[in-house]
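The structure appears right after this line, and notes come after that.
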Amino acid sequence: MTVKPDRYVRPVLCTRRILSDNPQEMHLLWSLVVPITCLTVVCTGEKSVNFSDVDIPTEHMPFYFNNFPDLAEQCANDEDCPYRDIAKEKKCWGYEDICPKSKAYSIPVCSGDYKGWAKSSEEHVQRFNNQADFGYIKERNREMKIMCEPLFKDDSSLECADHLRFCRGRNIMFNFTDLIHRKEPIRYAMDVLKNGQVGGYCKLHKKRLQDQCDHLSALQSWGPELRNFVEMPHRPVENNECDVIIEKPTFILKIDATVNMYHHFCDFFNLYAALHLNGSHPEMFSRDVHILIWESYSYLSNFAPVMETFTKHPVWDLKTFRGETVCFRNVVFPLLPRMIFGLFYNTPVVHGCEKSGLFHAFSKHILHRMKIPQFKRRDDKIRITLLSRQTKYRRILNEDELVTRLEENSNYEVQRVYYSHQMPFSEQLELTHNSDVFIGMHGSGLTHLLFLPDWAAVFELYNCEDENCYMDLARLRGVKYLTWEDSEKVHQEDEGHHPQMGAHAKFTNYRFDVDEFEAIVKKATDHVQAHPAFKEFLSTSLKYGHPATHIEL
């Protein structure tokens, strides 16, 4: 039997709120005080937590402290705590049981017409909040039900949200012995496990579990895997049924596409949302966790530095454990990238609403952990970044002409960038995060809009008849969105040649009217210059800053 990591981590008992629709079941669970394994012993008062190790943006710390009042008290009374001055601020993310609007991370902006979407303006805001903001986390929390019920603290347990979109468990066994015989690579597979190859020592509510296995698709739910869950006759760890025991918390990910920024950030965003959904202990943002990707391909991606913001350990895949039976002390099955009415990819954005606090917090979290600076300015010029495509399709045929026209404006500082695997992703983010206006053709590179400053504008030069994709993403992030409107002033190279679908707007190149281009850029720069956050940033920069300094994220 192998124990990973190398040293044994002693479990620490902390309480977790568990929801059930069965009053007798709830009484039993509360009487047991079902434990989870924490990475710190602060919950028992045995030692202090190192607050610097929490490693989230300083502006997020009051929200963190609100969920852990004992830590807030400890910090407030500790002269060495770097967050002492903000430890007692009353703020909440928005998914807590009690979170007044005045204290919430953010309130969605719904200035559009709500008719046809809601009965009132209040319902309009609430619908957006539940579909695309921290309210989504609250809704999933309310859904959580016990699927496999523990009777004693060393038993297994499994609890899930509706449709098995999110689950977590303790002392869960996975039998990967059959994988040693599989010759074909595993990706987007729904047959990794057979019946009985996942389970635990607990009372299984089989019908409840099977009823939730209704979204059977590779990236929509954990139904394809957990429909095989069985009630075991013995505790798997104590009965020596595990070849490997994983002591640290482990997140199992089913990922979309590692080569495409838009699709891979569906994975990252849902993992971040899952941290909040699983956030019942002080180490909710810890990087001292494992990540197991549910495929047999080794994890390789230009966006791997983002994965490192979630774990400090090497990323595992199914090859890591093929031929072995593995037991996880604590395992999380996070939200998935292509859930029905899910987050990011399938988010239904209510008409007239924008500015999701969840998307904003995700942006700040990643920028903070990747240490991406926001450089101060030595002048008030608008920083314009044009993303140039080096691909076969959707190139700008008169790109030099467009850039030259912008460079003639002394109020602009213009840069043309090529984001490819040859440029480290951290360098890409640094360029993006220090842009005021970001311009690009329809394509995954526009996902960079997530990391623009709050005052920025994104100009999707042409949406190639895919109108909602990046417009909705910009609305969720809360940055200004513009795109080409006059069809008579944009010219296709040809009708477009999709390999199977024939003529298609995404499979050709474009030439743009220079005057119209300049006019739309002017709209974007007017937005930036009028934004209160930009004015404040410039005022601080020009008064105290110089080119080599940056503000804290």
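The values are calculated or read from the model by the stated rules, or taken from the named source; none is laboratory data. Please read all numbers here as calculations on a predicted model, not as lab measurements. In this analysis, Cβ positions are derived from the backbone assuming ideal geometry, glycine residues included, and neighbour counts consider all displayed protein chains. Please note that ligands, DNA and RNA were not included when accessible areas were found on the heavy atoms of the full protein model with its side chains. Shrake-Rupley method; radii C 1.70, N 1.55, O 1.52, S 1.80 Å.
Ordering Ile180, Ile186 by accessible surface, largest first, gives Ile180, Ile186; the 1.4 Å probe counts only protein heavy atoms, with every chain in place. Across the options Phe328, Phe359, Phe341, the greatest Cα extent toward the positive end of the charge dipole of segment 283-381 (unit charges at beta carbon of Lys, Arg, Asp, Glu) belongs to Phe359. Could you tell me which of rounded, prolate or oblate describes segment 183-246, using a ≥ b ≥ c as the square roots of the eigenvalues of the alpha-carbon gyration tensor, with rounded for a/c under 1.5 and, failing that, prolate when a/b is larger than b/c and oblate otherwise? Oblate is the answer for segment 183-246, as a/c is 1.5 or above yet b/c matches or exceeds a/b. The share of accessible area on segment 372-544 that comes from carbon and sulfur is 43 percent, using a 1.4 angstrom probe.
At 1.4 Å probe radius, can you tell me the per residue accessible area of segment 86-170 in Å²? Working shown, then result.
On the way: 3890 Å² over 85 residues.
Accessible area per residue: 46 Å².
Rounded to the nearest Hz, the phi-derived 3J(HN,Hα) couplings of segment 442-453 under the Karplus curve 6.51 cos²θ - 1.76 cosθ + 1.60 (θ = phi - 60°) are 4, x, 4, x, 5, 4, 4, 4, 4, 10, 6, x, where x marks glycine and proline. Taking the Cα of His181, stepping 7 Å toward and past its beta carbon, and measuring to each backbone N in segment 311-349: which are under 20 Å? Taking a point 7 Å out along Cα→Cβ of His181, the residues of segment 311-349 whose backbone N falls under 20 Å are 318-326.
Please identify every one of the chymotrypsin sites (Phe, Trp or Tyr not before Pro) in segment 305-348 that sits in a loop by DSSP and has no more than 13 other beta carbons within 10 Å of its own beta carbon. Before the final figure, lay out each step's value.
Working: sites: Phe310, Trp316, Phe321, Phe328, Phe341, Phe344, Tyr345; in loops: Phe310, Phe341, Phe344, Tyr345.
In loop regions of segment 305-348 (DSSP not H, G, I, E or B), the sparsely surrounded chymotrypsin sites (Phe, Trp or Tyr not before Pro) are Phe341.
In summary, the convex hull built on the alpha carbon positions of the chain has an orientation-averaged projected area of 27.9 nm².
Before I look further, what does segment 233-355 give for accessible area per residue, probe 1.4 Å, in whole square angstrom?
It amounts to 30 Å² per residue over segment 233-355.
In whole percent, how big is the carbon plus sulfur part of the accessible area of segment 51-91, probe 1.4 Å, protein atoms only?
Details: 840 of 2170 Å².
Answer for segment 51-91: carbon and sulfur cover 39 percent of the accessible area.
Pairing the Cα long axis of helix 357-369 with the longest principal axis of the chain, what angle in degrees results, from 0 to 90 and rounded to the nearest 10? With rounding to tens, the tilt is 90 degrees.
Considering only Leu158, Ala218, Val192, whose Cα is most displaced toward the positive end of the charge dipole of segment 133-225, charges sitting on Cβ of Lys, Arg (+1) and Asp, Glu (-1)? Towards the positive end, the residue furthest out is Leu158.
Using only the Cα atoms of segment 62-221, build the gyration tensor, take square roots of its eigenvalues as a ≥ b ≥ c, and label the shape rounded, prolate or oblate: rounded if a/c is under 1.5, else prolate if a/b is larger than b/c, else oblate. Since a/c reaches 1.5 but b/c is at least a/b, the shape of segment 62-221 is classed as oblate. In the P(r) worked out for segment 410-553, what percent of Cα pairs fall beyond 22 Å? The proportion of pairs with Cα distances above 22 Å equals 46 percent.
Among rounded, prolate and oblate, which fits segment 139-333 when a ≥ b ≥ c are the square roots of the eigenvalues of its C-alpha gyration tensor, a/c under 1.5 means rounded, and a/b larger than b/c means prolate?
Details: a/c = 1.40, a/b = 1.24, b/c = 1.13.
Cα axes put segment 139-333 in the rounded bin.
Of all aspartates and glutamates in the structure, the ones whose alpha carbon falls short of 14 Å from that of Lys489, not counting any fewer than 8 places away in one chain, are Asp513, Asp515, Glu516, Glu518.
Would you please put 329-338, 100-109 in order of how densely packed they are, using the mean number of other Cβ atoms within 10 angstrom per residue and starting with the highest? Don't jump to the answer; show the numbers that get you there.
Numbers: 329-338: 23.7, 100-109: 16.2.
With the highest mean Cβ count within 10 Å placed first, the list reads 329-338, 100-109.
The apolar share of the surface of segment 208-363, taken as the fraction of accessible area on carbon and sulfur atoms (1.4 Å probe, ligands and nucleic acids excluded), comes to 46 percent. Between Asp191 and Glu79, the simple spin-label model (points 7 angstrom out along Cα→Cβ) gives 6.8 nm.
Net charge of the neighbourhood of Val458, taken over other residues with C-beta under 10 Å away and scored Lys/Arg +1, Asp/Glu -1, is +1.
When averaged across all projection directions, what area in nm² does the alpha-carbon convex hull of segment 51-91 cover?
Values: hull surface 9.7 nm².
For the Cα atoms of segment 51-91, the hull's average projected area reads 2.4 nm².
To test your reading of the geometry: what angle, between 0 and 90 degrees and rounded to tens, separates the Cα axis of helix 261-277 from the longest principal axis of the chain? The answer is roughly 50 degrees.
Note on Lys371: lysines with a C-alpha under 18 Å away, same-chain residues under 8 apart excluded, are Lys312.
The slack in the chain from Gln210 to Ser120, taken as 0.36 nm per residue of separation less the alpha-carbon distance, amounts to 28.7 nm. Applying 1/(1 + (r/R0)^6) with R0 = 22 Å to the Cβ-Cβ distance of Ala530 and Glu407 gives a FRET efficiency near 0.40. If a spin label sat at a point 7 angstrom from the Cα of Glu308 along the line to its beta carbon, the backbone N atoms of segment 413-444 nearer than 12 Å would be those of 424-427.
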